[in-house]
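Okay, structure first, notes after.
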Amino acid sequence: MAEVAPRPQDGLAAAAGLRTLGSVSAEDLSALTKQELIARLGGLSPGRREGGDPAAEEASMRFAAIAESSSDAIVTKTTAGIITSWNRGAVRIFGYTAAEIVGQPMQRLIPADRSAEEPDVLARIGRGEYVQHFDTERIRKDGSLVHVSLAISPIRDHAGRIVGAASVGRDITAQKQAEQELRATVKELHDVRAALDEHSIVAITDAAGRITYVNDKFCAISRYTREELIGQDHRIINSHFHSKEFFRALWATIGRGRVWHGEIRNRAKDGAFYWVETTIFPFVNAEGKPVQYVAIRTDITRRKADEAELQQLATDLAEKNKELETIVYTVSHDLRSPLVNVQGFSKQLSRACESIRTALEAGRGTGTVPELKQPLDVTIPQALRFITAGVNEMESLLAGLLRYSRLGRITLTIVPLEMNALLTEIVAAMKFQLNEAKAEVRVGPLPDCYGDSGQTSQVFANLLDNALKYRDPARPLRVTVTGRIEDGQAVYAVADNGIGIAPEHQPKVFDIFHRLNPDHTIGEGLGLTIAQRVLERQKGRIWIESREGEGSVFYVALPAVLKEGNSHESG
Ligand code: ADP
């Protein structure tokens with residue numbers, strides 16, 4: 001904005017005084033002769049007279065030198081706005097040489113939308129007024145716009161009449177640009193803060209931890225008013241859930257200028273607890289010392305409650321499982337004794353029948369009882385055979401149950417397992433059966449995993465055993481074992497070209513005592529159930545892909561041993 005300054009006594013002094021002019025170097029002075037300087041900046045000279053006094057001429061010359069060397073544009077014009085002098089600064093800022101522009105109207109430099117400025121300036125000058133800090137735009141010779149800050153003062157002749165104007169202009173394009181950038185940055189910061197306030201619970205504290213700012217969300221969750229919070233420290237919402245060490249570690253982190261992340265349980269004014277996921281970001285000074293802390297929080301109370309509930313459910317489930325296993329163990333264990341009795345007495349009965357038959361045969365002729373023949377030769381032995389078969393089946397079921405229920409009691413020793421070595425051992429142990437079946441087993445490079453050596457061996461031995469048992473007699477058995485790493489898990493695939501499993505049976509193969517073909521004498525329907533349980537206990541899992549008549553793939557996943565440059569990553 002243009003300002004009107006009080007009228008000084010001397011126009012020239014005022015023109016010089018409006019701006020701090022650049023210092024005059026020796027080169028600047030020596031570059032031009034005294035006459036040239038005065039001639040070029042004649043319009044500025046108040047005391048140019050024919051045969052004038054030497055002191056005034058000296059002063060004129062000095063000022064002309066200063067004006068010429070200034071980096072600001074120093075331009076004089078008539079009261080009609082015709083340019084009368086043009087310094088080097090003006091050449092630099094506007095692009096015109098003095099020869100090109102002196103004698104031209106000032107209006108040439110003024111953009112069309114600002115054309116009213118010049119008559120206004122001239123009118124003020126005509127009234128002897130000063131125009132200062134007039135920030136505007138002018139057109140350069142190349143047509144581009146330049147932001148300038150102008151100071152314009154009247155030039156008077158000896159009689160005090162206003163004969164023209166001296167204008168000092170400074171190129172403020174860079175400053176304007178910086179201002180614009182600053183405004184844009186401030187707006188962006190404002191927008192970011194608005195976005196943050198919209199999403200998060202925000203508080204700012206000073207270096208000592210006293211709250212200097214809280215947003216609405218902070219007030220809403222803590223149930224305190226802004227006035228109650230400002231000036232306090234965060235102890236106001238401390239729930240005394242976390243240890244002193246917890247907060248000491250927090251302060252140690254942020255005090256060193258590092259960001260702290262964590263979950264904190266706080267207490268609202270009404271005593272309700274709430275959980276917040278918190279990030280504390282220290283703002284540090286040039287020395288790296290925190291000057292304030294910005295805490296950004298998200299309400300995770302619901303999630304924490306869900307987690308606690310889930311944890312409780314998992315604990316309950318684990319307990320129930322243990323209970324159930326104990327029951328199964330006890331029952332299967334205790335049922336074995338009466339079963340052994342049944343077995344023993346059946347044998348005794350069988351022997352007793354044999355003795356009776358022998359005795360009867362020995363007494364033949366003396367007193368044979370024909371009615372005893374049928375029960376002794378057929379009915380009783382047949383009944384005893386059924387009893388024995390039933391007892392054997394029950395025993396095998398009980399043995400299976402016992403085996404299954406013991407799984408939970410086995411202490412696992414989880415170690416890194418070299419799976420290629422483990423598979424080599426299993427294949428070697430099964431060499432005889434594999435050779436007999438003319439089976440071909442190929443084992444690819446396998447990633448290592450964490451697991452219990454014995455239990456994991458059993459799982460893979462069981463899978464190979466199943467591949468043998470459920471092979472297709474129409475073709476030689478081929479089994480391939482491959483492995484890859486996926487999301488931190490080592491995933492192994494045991495693929496066979498056996499009889500396969502129909503889709504409807506696939507989910508059931510892991511059920512206890514489930515056999516797809518119960519008439520099949522081999523198998524007790526327990527191997528995969530045990531494999532699943534064993535793997536679960538080792539944080540692994542097992543699943544199946546199979547096509548009936550083509551073959552099956554059993555996948556086993558266990559936590560991978562991750563080494564640098566593990567070559568099975570994408571395998
Ligand atoms: P089993 O002792 O009966 O082999 P498992 O639990 O190991 O018990 O397997 C359950 C059922 O899954 C088997 O009875 C069989 O029908 C089916 N099965 C398991 N492995 C295979 C395989 N590789 N190919 C086809 N069927 C299979």
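Worth a mention:
- Residue in region 296-304 that is loosely packed, with under 15 Cβ neighbours inside 10 Å, under 28 Å from GLU228 (Cα atoms) and within 52 Å of the chain's Cα centre (by Cα) present: yes
- Residue among GLY483, GLY498 that is in contact with a Pro (Cβ under 8 Å, 6 or more places away or on another chain) and either polar (S, T, N, Q) or surrounded by 19 or more Cβ atoms within 10 Å (Cβ to Cβ) (or both): GLY483
- The single condition from (1) assigned to a helix (DSSP H, G or I); (2) touching a strand residue (DSSP E or B) at 6+ places or on another chain (Cβ under 8 Å); (3) modelled with pLDDT of 95 or more that ILE280 fails is (1).
- Residue within region 172-194 that is hydrophobic (A, V, I, L, M, F, W, C) and touching a Gly at 6+ places or on another chain (Cβ under 8 Å) present: no
- Answer residue from region 462-501, given it is basic (Lys, Arg) and within 16 Å of MET430 (Cα to Cα) and is farthest from the ligand (Cβ to nearest atom) among those: ARG478
- Considering residues of region 237-263 that are touching a Ser or Thr at 6+ places or on another chain (Cβ under 8 Å) and either exposed (fewer than 15 other Cβ atoms within 10 Å of the Cβ) or in contact (Cβ under 8 Å) with a residue 24 or more places away in the chain (or both) only, the residue farthest from PRO282 (Cα to Cα): ILE237
- Test: residue in region 107-128 that is surrounded by fewer than 17 Cβ atoms within 10 Å (Cβ to Cβ), in a helix (DSSP H, G or I), touching a residue at least 12 places away in the same chain (Cβ under 8 Å) and small (Gly, Ala, Ser): yes
- Restricting region 412-467 to residues that are charged (D, E, K, R) and free of Cβ contacts under 8 Å to residues at least 60 places away in the same chain, the residue that is farthest from ASP496 (Cα to Cα): GLU418
- Considering ARG409, ARG442, the condition of being surrounded by fewer than 13 Cβ atoms within 10 Å (Cβ to Cβ) and more than 26 Å from ILE512 (Cα to Cα) is satisfied by ARG442 alone.
- Looking only at residues of region 133-149 that are surrounded by fewer than 17 Cβ atoms within 10 Å (Cβ to Cβ) and touching a residue at least 60 places away in the same chain (Cβ under 8 Å), we find that the one that is nearest to GLN104 (Cα to Cα) is ASP135.
- For region 29-77, the tally of residues that are modelled with pLDDT of 80 or more and crowded, with 18+ Cβ neighbours inside 10 Å stands at 12.
Yes or no, residue by residue, for (1) in a helix (DSSP H, G or I); (2) in contact (Cβ under 8 Å) with a residue 40 or more places away in the chain:
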position: VAL131; (1), (2): no, yes
position: ALA159; (1), (2): no, no
position: ALA165; (1), (2): no, yes
position: GLU181; (1), (2): yes, no
position: ALA195; (1), (2): yes, no
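- Of all residues in region 398-418, exactly one satisfies the criterion of being farther than 10 Å from TYR329 by Cα and touching a Leu at 6+ places or on another chain (Cβ under 6 Å), namely GLY400.
- Once region 523-533 is narrowed to residues that are of a type outside the set (Ser, Thr, Tyr), within 7 Å of the ligand (Cβ to nearest atom) and out of contact with any Pro (no Cβ under 9 Å at 6 or more places or on another chain), the residue that is modelled with the highest pLDDT is LEU528.
- Residue within region 419-430 that is in contact with a Phe, Trp or Tyr (Cβ under 8 Å, 6 or more places away or on another chain) and of a type in the set (Gly, Ala, Ser) present: no
- Lone unmet requirement of (1) buried (at least 21 other Cβ atoms within 10 Å of the Cβ); (2) more than 8 Å from the ligand (Cβ to nearest atom) for GLU536: (1)
- Applying the criterion of at least 1 residues that are of a type in the set (Gly, Ala, Ser) and within 60 Å of the chain's Cα centre (by Cα) to the helices (runs of 4 or more DSSP H) found wholly in region 50-102 leaves 54-69, 88-94.
- A single entry from VAL378, VAL391 fulfils the requirement of being in a helix (DSSP H, G or I), modelled with pLDDT of 85 or more, surrounded by 11 or more Cβ atoms within 10 Å (Cβ to Cβ) and not small (Gly, Ala, Ser): VAL391.
- Number of the exception - LYS217 against (1) basic (Lys, Arg); (2) within 20 Å of VAL192 (Cβ to Cβ); (3) at pLDDT below 95: (3)
The values are calculated or read from the model by the stated rules, or taken from the named source; none is laboratory data. These numbers were taken from a predicted model, which means no experiment stands behind them. As a convention, Cβ positions derive from the backbone with ideal geometry for all residues, glycine included, and neighbour counts pool all protein chains shown.
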